[in-house]
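The values are calculated or read from the model by the stated rules, or taken from the named source; none is laboratory data. What you see is a predicted model, and the numbers here were worked out from it, not measured in a lab. Methodologically, a virtual Cβ is constructed for each residue, glycine included, from the backbone with ideal geometry; neighbour enumeration extends over all protein chains shown. For the accessible areas, the whole protein counts, side chains as well, though only heavy atoms, and no ligand, DNA or RNA atoms are used. Shrake-Rupley method; radii C 1.70, N 1.55, O 1.52, S 1.80 Å.
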Amino acid sequence: MIRLPNGLFEFQEDCSLWLLDVTAREDSARTITVKAPTGAGKTVILIDYIDKYLTLVNGRTAFIWLCPGKGNLEEQSRRKMEQLLPGADTKDLSDAILSGFEAGSTTFINWELVTKKGNRAISESERENLFDRIAEGRRKGLQYMIIIDEEHSNDTKKANDVIQAFCAEHIIRVSATAKTSRDGEYYEIDEMDVISSGLITKALYINEDVDYHGEFDSEHGYLIELADRKRRQIAQAYAEQGGKTGRIRPLCIIQFPNSSDRLIASVEDKLAGMGYTYENRLAAKWMSDSGDKINLEHITDPSAEPVFLLMKQAIATGWDCPRAKILVKLREHMSEEFEIQTIGRIRRMPEARHYDVDLLDFCYLYTFDEKYKESIKASQSQAFEVRRVFLKEECGGFALEKQLRSRDLDGLGERETFFAVHQYLTEAYGLTGDKADNMLRLEGAGYRFGREIIGRQREGKFVRTDSVLDASQGTYLPTGRVVSTHTNGIDLLHSVDAIKRAVGMTAQKTRVVLERLFREKVRSPRKLLALDTASYYAFVINNEKMLRDDLRKATARMAKQMTIPGVKTAVFRIPAQELCRFDPDEPDVEEMETNVYRGYSSAMVVEGIRSKCERLFEHYCEERKQFIDWVYKNGDSGQQYFSVVYLDAFRKQWLFYPDYIVRKKNGEIWIIETKGGEQTARQGVRSKNRDLQAENKFEAFKQYAALHGLHWGFVRDRNEKLKINNTVYTDSLLSEYWKPMRELFG
């Protein structure tokens with residue numbers, strides 16, 4: 001088992017399990033492509049996948065891990081595997097040539113060793129070369145699996161010759177810039193999952209504080225000055241964190257276009273005038289096309305001396321420097337893949353965590369290349385135009401008590417969670433201590449039982465090949481295969497993983513709860529079913545969706561919102577300044593006069609930045625400015641924002657960030673939370689609220705508001721009009737508890 005203190009992040013586990021599933025299936029394509037954003041931990045994912053595959057699928061497999069030649073990535077990857085899987089059988093190319101490939105081994109090969117012209121590794125010689133060892137392994141009955149790390153870097157004929165020589169069962173290509181293939185399997189890790197984990201920055205800011213109409217002597221000089229100012233601000237913010245974090249020295253990368261020797265000299269002069277030179281080791285140089293390298297020793301260390309790095313083209317694949325926070329890209333467009341890899345260098349977090357300080361949790365790009373900026377926007381979903389706004393003097397001084405979670409008291413234990421799920425299922429389906437009757441009731445509700453994995457098979461006569469794509473042709477017959485605890489162990493693992501993701505529990509807790517509820521061999525006094533091992537496997541696999549939905553409903557049941565021991569409180573004050581996203585193409589922009597910030601405009605209240613209900617509410621307040629003193633839009637996460645703690649039915653603490661704080665001219669303080677409203681469709685009225693925890697939040701907030709003597713309400717929209725509720729939560733807006741906005745709020 002992979003040795004990580006806290007295990008894999010959920011998105012890493014998901015990718016590893018997907019790879020396990022697709023390579024274990026007989027009907028999957030040979031070529032498998034994984035697009036993993038820089039910083040996602042693809043090496044860890046691949047190591048975990050290899051461990052699972054050798055243990056659960058086929059131990060007679062030899063993995064071949066091909067890495068780019070630059071950056072010694074194959075050595076880094078091998079060391080990582082030996083660190084995370086002590087005892088793993090790892091090899092390099094010389095080991096493989098000397099002793100051959102072995103079952104259960106992973107051989108790390110530098111591309112240049114097998115593609116460089118005249119290299120002895122693949123030349124005819126007295127000793128057995130690489131191709132001979134590959135053939136020898138096949139004669140021994142080995143199955144080869146190839147991993148191509150940073151697959152975009154080596155797409156040469158000689159590299160393909162090596163790949164084909166292995167006759168691998170599967171070829172897994174992994175890159176931050178991977179592209180889909182019609183003939184292969186494809187998986188993409190959502191960058192938002194990587195961001196949420198804290199491994200990479202929350203966002204990329206482009207040209208913050210740049211004045212496009214300003215006057216300056218040179219573009220590069222102006223951008224470098226802005227970048228240096230930002231670098232100093234970041235350095236100060238790190239210092240304020242203290243401890244190990246306080247010693248981090250942020251790095252600014254300056255990227256040059258090709259054939260730019262004169263520009264390089266000009267930038268060197270500019271930096272020297274600012275006090276950054278190669279001689280005082282505050283500047284470093286990496287011109288990979290010319291081999292011109294200065295002060296690169298230990299530059300990736302968090303406290304390394306250089307604070308500027310000059311580079312002529314994208315940094316070598318695999319280079320990892322999490323302290324790099326700023327990129328200055330001087331004019332010249334480059335290929336999309338090259339750009340994305342370069343941007344990836346400034347997206348990592350130096351301590352693999354967010355600090356809840358915007359300055360440290362974001363990275364920064366400065367460039368006057370408009371096309372480059374637009375292409376980055378298309379590739380980086382969190383890149384946006386931003387503008388800094390400042391708190392109006394008359395809005396300062398406001399304070400409110402906020403709540404913070406207690407990390408020591410967070411959620412029920414396995415036993416209590418078991419009882420909560422047991423209670424929900426018992427009440428939802430009328431279950432008792434009679435296991436035979438329980439099975440009948442669950443079966444009547446749609447649950448499937450037996451020892452077969454249920455599926456369906458299509459049959460019929462298809463004259464045209466493309467008619468197979470027409471789902472209306474042919475017939476579908478149900479199929480079933482008897483459970484094998486060996487081969488279906490992977491399926492069970494997947495089902496448990498899907499269920500635990502739906503309710504925010506750990507895989508361990510989910511497995512324990514399910515087994516205590518339904519499995520015969522596990523002792524439990526309140527068992528609902530007593531399924532033997534094969535029947536239990538089939539039950540969980542066949543009913544994955546129903547189990548997932550039932551557990552989700554169980555956790556969303558109304559929890560008693562009480563004073564939680566250990567919940568912390570702190571004083572919330574409206575931040576003195578804020579970075580706000582805006583749409584630069586929005587026409588007829590007007591300042592929102594009721595907002596607490598100067599410069600806050602209607603371009604910041606548009607689709608894609610604000611939900612429909614939020615947009616309606618902000619404009620509602622603006623239209624009634626004679627009654628409104630100010631409106632503050634709260635953040636979605638972070639300790640600097642206003643938060644209230646609520647509990648789900650499993651007693652797990654969550655933070656709730658109400659959307660708005662409003663002060664009316666009569667002195668009333670209102671706190672407003674917006675939710676999706678209702679939409680009239682052909683099938684009837686449809687709720688747009690997707691928050692299953694809305695009722696728990698509602699009740700927790702009601703208690704908070706009563707405790708502090710505040711006005712409050714949940715606001716939702718219907719037919720372009722707003723409704724408000726602060727008494728009894730109902731999902732239907734037709735309920736008497738949802739009042740027209742003007743009746744309650746004014």
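Residue ranges 37-49, 136-148 sort as 37-49, 136-148 when ordered by packing (mean number of other C-beta atoms within 10 Å per residue, highest first). A simple count of charges around V513, restricted to other residues whose Cβ falls under 12 Å of its Cβ and scoring Lys, Arg +1 and Asp, Glu -1, yields +4.
Diffusion coefficient of the stretch 561-716 by Stokes-Einstein, Kirkwood radius over Cα pairs, 25 °C, 0.890 mPa s: 143 µm²/s.
Only Lys, Arg, Asp and Glu carry charge here, each on its Cβ (+1 for the first two, -1 for the last two); on that basis the stretch 603-746 has a dipole of about 160 debye about its Cα centre. The phi torsions of the stretch 348-359, fed into the Karplus equation with coefficients 6.51, -1.76 and 1.60 and a -60° offset, translate into couplings of 6, 9, x, 10, 6, 7, 8, 9, 6, 10, 3, 4 Hz, rounded to whole numbers, with Gly and Pro shown as x.
Give K52/K697; K202/K392; K527/K568; K509/K612 a once-over and call out the pairs whose C-alpha atoms are over 31 Å from each other. Provide the component values of the computation, followed by the final result.
Details: K52/K697 40 Å; K202/K392 27 Å; K527/K568 38 Å; K509/K612 38 Å.
Going by Cα-Cα distance, K52/K697; K527/K568; K509/K612 fall outside the 31 Å limit.
Net charge of the neighbourhood of I32, taken over other residues with C-beta under 9 Å away and scored Lys/Arg +1, Asp/Glu -1, is +1.
Along the stretch 686-697 the Karplus relation, 6.51 cos²θ - 1.76 cosθ + 1.60 evaluated at θ = phi - 60°, assigns HN-Hα couplings of 10, 6, 9, 7, 9, 8, 5, 8, 4, 5, 5, 5 Hz to successive residues, with x for each Gly and Pro. Each label point was placed 7 Å from the Cα along the Cα-to-Cβ direction; for D269 and K545 their separation is 6.9 nm. Solvent-free Debye calculation, one equal scatterer per alpha-carbon of the stretch 6-63: log10 I(q)/I(0) at 0.18 Å⁻¹ equals -0.63. The stretch 539-557 and the stretch 571-608 have their alpha-carbon centroids 41 Å apart.
Would you work out if the stretch 242-289 is rounded, prolate or oblate? Take a ≥ b ≥ c from the square roots of the eigenvalues of the alpha-carbon gyration tensor; rounded if a/c is under 1.5, else prolate when a/b is larger than b/c, oblate otherwise. Because a/c hits 1.5 or more and a/b exceeds b/c, the stretch 242-289 counts as prolate. Rg/Rh for the stretch 636-713 stands at 1.04; both radii use Cα atoms, and Rh follows the Kirkwood definition.
Between D132 and V589, full extension at 0.36 nm per residue minus the direct alpha carbon distance yields a gain of 157.5 nm. Residues whose amide H falls under 5 Å from that of D92, counting only those 5 or more places apart or on a different chain, are F108, with hydrogens built in the peptide plane.
If you add up the charges near I195, with Lys and Arg at +1 and Asp and Glu at -1, over every other residue whose beta carbon is less than 11 angstrom from its beta carbon, what do you get? Can you show the working numbers first?
Values: positive: K202, R347; negative: D190, E191, D193, D361.
Charge balance in the 11 Å sphere: -2.
Derived scalar couplings between HN and Hα for the stretch 93-110 equal 4, 5, 4, 5, 5, 6, 10, x, 8, 10, 4, x, 9, 10, 10, 9, 10, 6 Hz in order, rounded to whole Hz, by the Karplus curve 6.51 cos²θ - 1.76 cosθ + 1.60 (θ = phi - 60°), x for Gly and Pro.
Computed packing ranks the peptides 616-623, 352-359 as 616-623, 352-359, most packed first, by mean other Cβ atoms within 10 Å.
Please give the solvent-accessible surface of E10 in Å², to the nearest 10, using a probe radius of 1.4 Å with every protein chain present. Its accessible surface works out to 90 Å², give or take rounding. Taking amide H positions as modeled 1.01 Å from N, with prolines and chain starts lacking one, the residues under 5 Å from F572 and 5 or more places away or on another chain are L400, E401, K402.
The Cα center of the stretch 697-746 and the Cα center of the stretch 418-445 differ in position by 35 Å.
By average Cβ neighbour count within 10 Å, what is the ranking of 636-648, 412-424 from highest down? Before the final figure, lay out the partial values.
Working: 636-648: 18.7, 412-424: 17.2.
My ranking of the peptides, most packed first, is 636-648, 412-424.
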